[in-house]
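Read-outs: derived from the displayed coordinates by stated rules, not from any lab. Note that the coordinates shown come from a computational prediction; the quantities given were computed from them, not determined experimentally. Here the Cβ positions follow ideal geometry from the backbone for every residue, glycine too, while neighbour counts run over all protein chains shown.
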């Protein structure tokens, strides 16, 4: 795999100046990041109870085997790395086959057309630019490669849940650094993939989680 793409997300020198998403990498690793990572670790267990079977079915689209598998993980929060290593070890994946990098989805530190698959779960709710993040996913995928996604999204227009999402979103953005009212399926539809399959999923019927229960899951092929 090649080194970081230093000329901006599209490999163009004119994109190398300050960009909105660059702020996501400044001053990371402090107390807030460590607390957030711990909370996410606990939340991931509950999330997998709700959607674990759905995720396994989705990821089976790749058809991978442990032998020869190479994984590159990217996250702006360096405090997530220990928990990622813990999960990978529990899955029986050798540490020598894993690279965990600090970065953002809008400017992946990964070479062009170097990946067979990109897995994106609960990412597009928090990126600064969905358009740029999806463009980056296309850039790093080989032809025929797959983007597998599972994201919480906006409820249908006019619904009570959608109105509550719109009201709550500023607080959601401050507390969890993500948006609960994004129409992520629209960004996927216009991202330029050769094919796209999107399925709507309701994560839970628990009213306490109603604002983040609407999900989409699916596969986009380059």
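Summary table below
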| quantity | calculated |
| --- | --- |
| Translational D in µm²/s for the range 131-174 (Stokes-Einstein at 20 °C, 1.002 mPa s, Kirkwood Rh from C-alpha pairs) | 163 |
| Proportion of all alpha-carbon pairs of the range 156-200 beyond 17 Å (%) | 48 |
| Stretchable slack from residue 22 to residue 177, in nm (0.36 nm times residue separation minus alpha-carbon distance) | 54.3 nm |
| Theoretical gain in end-to-end length, residue 38 to residue 135 [0.36 nm per residue, Cα-Cα removed] | 31.9 nm |
| Label-point gap, in nm, between residue 204 and residue 189 - each point 7 angstrom along Cα→Cβ | 2.9 |
| Cα gyration tensor shape of the range 86-178, rounded if a/c is under 1.5, else prolate or oblate by comparing a/b with b/c | prolate |
| Sites residue 83 and residue 166, calculated FRET efficiency, Cβ-Cβ separation with R0 41 Å, nearest 0.05 | 0.80 |
| DSSP beta bridges in the chain [antiparallel fraction, %, rounded to 5] | 60 |
| Where labels lie 7 Å past Cα in the beta-carbon direction, separation of residue 157 and residue 57 in nm | 3.0 |
| The range 69-222 - percent relative contact order, Cα under 8 Å, separation 6 or more | 21 |
| The chain - mean residue ellipticity at 222 nm from DSSP helices (-39,500 (n - 2.57) per run, n ≥ 4, rounded to 500) | -10500 deg cm²/dmol |
| Approximate spin-label separation residue 98-residue 112, in nm, with each point projected 7 Å along Cα-to-Cβ | 3.1 |
| Most to least packed among 122-129, 180-187 [average Cβ atoms within 10 Å] | 122-129, 180-187 |
| Which label in (i) 47, 42, 41; (ii) 42, 39, 34; (iii) 105, 33, 30 gives the computed Cα extents along the principal axes in Å | (i) |
| Gaussian network model of the chain, Cα within-10 Å springs - most flexible of 144, 92, 103 | 92 |
